[in-house]
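To start, the structure under review is shown below, and the notes come after it.
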Amino acid sequence: MMALMTIQSLQKSFGGLRAVDRASMQVHQGELLGLIGPNGSGKTTLLNMLSGHLRADAGSVLLNDKNVLGLNPTQLTRLGVLRMFQMTRVFNRTSAFDNLVVCGLAQGLNESTAYARAAELLEELKLEQVMYLDAGQLSGGQRKLLEFGMCFMVPPHIALLDEPFAAVHPIMKETMSDFIRRRNAAGQTFILVSHDMPVIVELCPRSVCMNAGKVLAEGQTHDVLQSAAVIEAYLGDESTEDEAHV
Ligand SMILES: Nc1ncnc2c1ncn2[C@@H]1O[C@H](COP(=O)(O)OP(=O)(O)OP(=O)(O)O)[C@@H](O)[C@H]1O
Ligand SMILES: [Mg+2]
């Protein structure tokens, strides 16, 4: 399979703490890669470096063989690397529909394409009934779905999702996971960080598990979850850390 993104020996320390410790992994074109690991294992820090929100200490990130490490979030967004929930801003006194349209126009779509995509996304995200309400009148969950849609007016090459389901109502969680599944089936590449193992198992054929900044295991999600090292990491047994390589 072709690697869309190759992460090599990425490192980030905060003072004496190695939050990401020479982590390497590949994201294949079109895949929905799960990124799991106990609290504090470095998942968010890794995504922050991929999206340019944090500067790495060392390593490289290749996007289609071009090193993109060190670029800022705006440059990375232009290259199609999108970190969800940080790039968008909902205008509260503008309708949900217009929020989507404005977002599309700002990214260079023409009006008719922007209208068509907005309508399509509102349907997919089950927001048609509130499409003419001001975004400020939507519930928190609906607004999250709207932001989600804004990220896909111009689909990124790779979407980085950091716990998108956290604090989302179960019904909207279902809408969101359906959206991710459908878009992935249509070829969209994702990295999905989640503590929700049933969702990871359901959505992600392949996963990477981090622990203490390192890649502890990677492979078929089922195998990763069943590996002794991963189970021990989740149980918090730090004494086996050094031998825990799968
Ligand atoms: N800005 C920062 N300054 C200092 N330490 C930080 C900073 N950001 C993260 N850390 C530390 O780096 C480590 C990795 O944190 P990170 O947020 O990447 O973990 P995570 O895997 O996303 O955890 P969670 O599952 O809880 O979201 C943790 O020990 C955290 O406390
Ligand atoms: Mg995190």
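What follows draws every value from the coordinates through simple rules; no lab data is involved. Everything quoted here is computed from the prediction, not taken from an experiment. Ideal geometry is used to build each Cβ from the backbone, glycine not excepted, and the neighbour counts take in all protein chains shown.
The C-alpha atoms of the range 1-90 occupy a region whose extents along the principal axes are 37, 33, 24 Å, arranged from largest to smallest. Asp178 to Asn72: FRET efficiency via 1/(1 + (r/R0)^6), r the Cβ-Cβ distance, R0 30 Å, to the nearest 0.05? Approximately 0.35, to the nearest 0.05. Were the residues from Tyr132 through Glu120 laid out at 0.36 nm apart, the gain over their Cα-Cα distance would be 2.9 nm.
Assuming charge only on the beta carbon of Lys and Arg (+1) and of Asp and Glu (-1), the dipole of the chain about its Cα centre is about 760 debye to the nearest 20. The spacing between the range 182-227 and the range 106-160, judged by their C-alpha centroids, is 26 Å. The gain in end-to-end length when the Ala228 to Met2 segment is fully stretched comes to 78.4 nm, 0.36 nm per residue minus the alpha carbon separation.
Taking 0.36 nm per residue of separation and subtracting the Cα-Cα distance, what length does fully extending Gln107 through Ala185 add?
25.7 nm
Taking amide hydrogens as placed 1.01 Å from N in the peptide plane, the amide H of Leu54 sits under 5 Å from those of Met49, each at least 5 positions away in sequence or on another chain.
Per residue of the chain, the DSSP helices (runs of n ≥ 4 H) give a summed -39500 (n - 2.57) that works out to -10500 deg cm²/dmol at 222 nm.
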